[in-house]
1. What list of ³J(HN,Hα) couplings, whole Hz, do you get for region 5-11 from phi and the Karplus terms 6.51, -1.76, 1.60, once you set θ to phi - 60° and write x for glycine and proline?
2. So how far apart, in nm, are the two label points at Met9 and Arg88 if each is 7 Å from Cα heading toward Cβ?
3. Karplus couplings for region 16-32 from phi (6.51 cos²θ - 1.76 cosθ + 1.60, θ = phi - 60°), rounded to Hz, Gly and Pro as x?
4. Show me, for region 42-56, the HN-Hα J-couplings you get by feeding each phi into the Karplus relation (A = 6.51, B = -1.76, C = 1.60, θ = phi - 60°), rounded to Hz, glycine and proline as x.
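Any read-out appearing in this document is the output of simple, stated calculations on the displayed coordinates, not a laboratory observation. Since we're looking at a predicted model, the values are computed, not measured. No Cβ is skipped: glycine too gets one built from the backbone with ideal geometry, and neighbour counts run over all protein chains shown.
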Amino acid sequence: MNEEMVQQMMAAAERLAAATETLDRVLGKLDAQQEMLNAKVDRIVAAVEESIAQTTERQQPEGAESELKQRVVQLEKSNADLQAQASRMARKTLSPVVSALIGKNEVEGERLDPNAE
């Protein structure tokens, strides 16, 4: 290998290292957002459970019991929707910025495929 090729490979390796660091920071931010959403869901679940506990402690007429059951069903559906939304927030692909950054790096005249595994 000549010196020019070695320098090109070193430069490409440095760019890949920088891209890796950027990707690591982005993933850290995504993890923090996911934790925040999970905390919100947990607070909602706790509030629903507390509300159910409070209503069962009180003496309710029989008609109100069916209303409470309907409300519980609605709250459980809302909880399931929020959990589904939280699971969708987990990113499974690279962001377009990271894909473009990786795609711009060339090694020996061949472009890196951002979709390759």
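1. 5, 5, 5, 5, 5, 5, 5
2. With each label placed 7 Å out from Cα toward Cβ, I get 4.7 nm.
3. 5, 5, 5, 5, 5, 4, 4, 4, 4, 5, 4, 5, x, 5, 5, 4, 5
4. 4, 5, 5, 4, 4, 5, 5, 4, 5, 4, 5, 4, 5, 6, 6
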